[in-house]
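Engineer: Handing you this structure, nothing more for now.
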Amino acid sequence: MTAPDSTASVVRLGVPGGAEVTHRDVAANGARFHIAEMGDGPLVLLLHGFPQFWWTWRHQLPVLAEAGFRAVAMDLRGVGGSDRTPRGYDPANLALDITGVIRSLGEPDAALVGHDLGGYLAWTAAVMRPKLVRRLVVASMPHPRRWRAAMLSDVRRGSHIWGFQRPWIPERRLTADDAELVGRLIRDWSGPRPPEDEAVEVYRRAMAIPSTAHCSIEPYRWMVRSLARPDGIQFNRRMKLPVRVPTLHLHGSLDPVTGIRSAAGSGEYVEAPYRWRLFDGLGHWPHEEDPAAFSTELVNWLKDPEPDR
């Protein structure tokens, strides 16, 4: 089951400043993925989180292109302009989507930049396919093993994820009243400088595309329902393998979704240069709440030939 052609007007958007962005589809891991692309140079692949799509990186794409990178933002499986498949939403398969896109783009490797769920999958891809990941940048998401521990110890903080475990009701809530809940989540999870109202409206329209709500929730259903299942236990054990690529970990000090303590402890799983950067006064969306500061930190680190520990 694929995304309908009518989604193009919703997801194939421009970026601020009118810079030219190229939209196209690529095949990987048995599915079709929509990408937005700018620039030439070493590949930087950007991975969005929930409840967003590629456009969350609209501020970073032109900055990365200007800095000499091939910047590509992809829509994850089931979201935006990518295929909405009936299955395949476990993190191992979603990570293979990402590494498959790297290969489909004809590149030997990529610097992965992931936010929220995209960050979870970036951690996973760096462990599963280390030869395809040149560097790793994660925002607003701890290492999967730290995430698992946080979910079990602080149910209140991950209440929305526990709520996703009910059948069908979460999908209906996400799409009710023109996806009003999407706007509320984005504002509630922000610091004092939330994404602009126009951006929130874009995310609401994208969530209203048929099947998007269901596909957006499925990864979180797997994460919780597999906690005591053999596949979840096996995945958790596999994530004990250390990350062996330079890693930049970014987090907002006011993030109400992921605690600072849980995120900051992720460095124990990195056996490579690891840099922790806390953005004071920002919430769960640092790349949108203060795009200039985020982009500066990102580009400086990607261009640093010797990233520090």
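Engineer: Being in contact with a helix residue (DSSP H, G or I) (Cβ under 8 Å, 6 or more places away or on another chain) and of a type in the set (Lys, Arg) is the filter here; which residues of segment 62-106 pass it?
Structural biologist: Arg77, Arg84, Arg103, listed by residue number.
Engineer: Here's something else I'd like to know. Here is a list: Ala150, Ala179, Ala199, Ala139. Which entry is under 29 Å from Phe235 (Cβ atoms) and either modelled with pLDDT of 95 or more or not aliphatic (A, V, I, L, M) (or both)? Lay out the reasoning, then the answer.
Structural biologist: Values: Ala150 fails: either modelled with pLDDT of 95 or more or not aliphatic (A, V, I, L, M) (or both); Ala179 fails: under 29 Å from Phe235 (Cβ atoms); Ala199 fails: under 29 Å from Phe235 (Cβ atoms).
Being under 29 Å from Phe235 (Cβ atoms) and either modelled with pLDDT of 95 or more or not aliphatic (A, V, I, L, M) (or both) holds for just one of Ala150, Ala179, Ala199, Ala139, which is Ala139.
Engineer: Please specify each residue of segment 250-276 satisfying the condition of being surrounded by 16 or more Cβ atoms within 10 Å (Cβ to Cβ), assigned to a helix (DSSP H, G or I) and not aliphatic (A, V, I, L, M).
Structural biologist: Result: Ser262, Gly265, Ser266, Gly267, Tyr269.
Engineer: For a quick check of your reading: which strands (runs of 3 or more DSSP E) sit entirely within segment 1-93 and have at least 3 residues that are surrounded by fewer than 18 Cβ atoms within 10 Å (Cβ to Cβ) and more than 17 Å from the chain's Cα centre (by Cα)?
Structural biologist: Hits in segment 1-93: 22-28.
Engineer: Follow-up. Which condition does Tyr220 not pass, out of (1) within 18 Å of the chain's Cα centre (by Cα); (2) of a type in the set (Ser, Thr, Tyr); (3) closer than 30 Å to Pro307 by Cα, if it passes all the others?
Structural biologist: Condition not satisfied by Tyr220: (3).
Engineer: When the residues of segment 78-98 are narrowed to those that are out of contact with any strand residue (DSSP E or B) (no Cβ under 8 Å at 6 or more places or on another chain) and of a type outside the set (A, V, I, L, M), which ends up farthest from Gly114 (Cα to Cα)?
Structural biologist: Selected residue: Pro86.
Engineer: Another one. Would you check if Ala176 is part of a helix (DSSP H, G or I), surrounded by fewer than 17 Cβ atoms within 10 Å (Cβ to Cβ), of a type in the set (A, V, I, L, M) and out of contact with any helix residue (DSSP H, G or I) (no Cβ under 8 Å at 6 or more places or on another chain)?
Structural biologist: So Ala176 fits the description; yes.
Engineer: Restricting attention to segment 203-221, which residues are in contact with a helix residue (DSSP H, G or I) (Cβ under 6 Å, 6 or more places away or on another chain) and either among the aliphatic types (A, V, I, L, M) or over 20 Å from Asp97 (Cβ atoms) (or both)?
Structural biologist: Tyr203, Arg204, Arg205, Ala206, Met207, Ala208, Ile209, Ala213, Ile217
Engineer: Shifting gears a bit: Do we have any residue at all in segment 102-125 that's over 26 Å from Val257 (Cβ atoms), β-branched (Val, Ile, Thr) and part of a helix (DSSP H, G or I)?
Structural biologist: There is at least one residue in segment 102-125 that is over 26 Å from Val257 (Cβ atoms), β-branched (Val, Ile, Thr) and part of a helix (DSSP H, G or I).
Engineer: Can I ask one more? Is it fair to say Ala150 is part of a helix (DSSP H, G or I) and farther than 15 Å from Leu45 by Cβ?
Structural biologist: Working: part of a helix (DSSP H, G or I): yes; farther than 15 Å from Leu45 by Cβ: yes.
In short, yes.
Engineer: In addition: Which residue pairs have Cβ atoms closer than 9 Å, lie 6 or more positions apart in sequence or on different chains, and pair a first residue in segment 203-217 that is modelled with pLDDT under 95 and surrounded by 18 or more Cβ atoms within 10 Å (Cβ to Cβ) with a second residue that is in a helix (DSSP H, G or I) and not charged (D, E, K, R)?
Structural biologist: Sorted first by the residue in segment 203-217, then by its partner, the list stays empty.
The values are calculated or read from the model by the stated rules, or taken from the named source; none is laboratory data. Being a predicted model, the structure only gives us computed values, none of them experimental. Cβ atoms come from the backbone with ideal geometry, glycine included; neighbour counts cover every protein chain shown.
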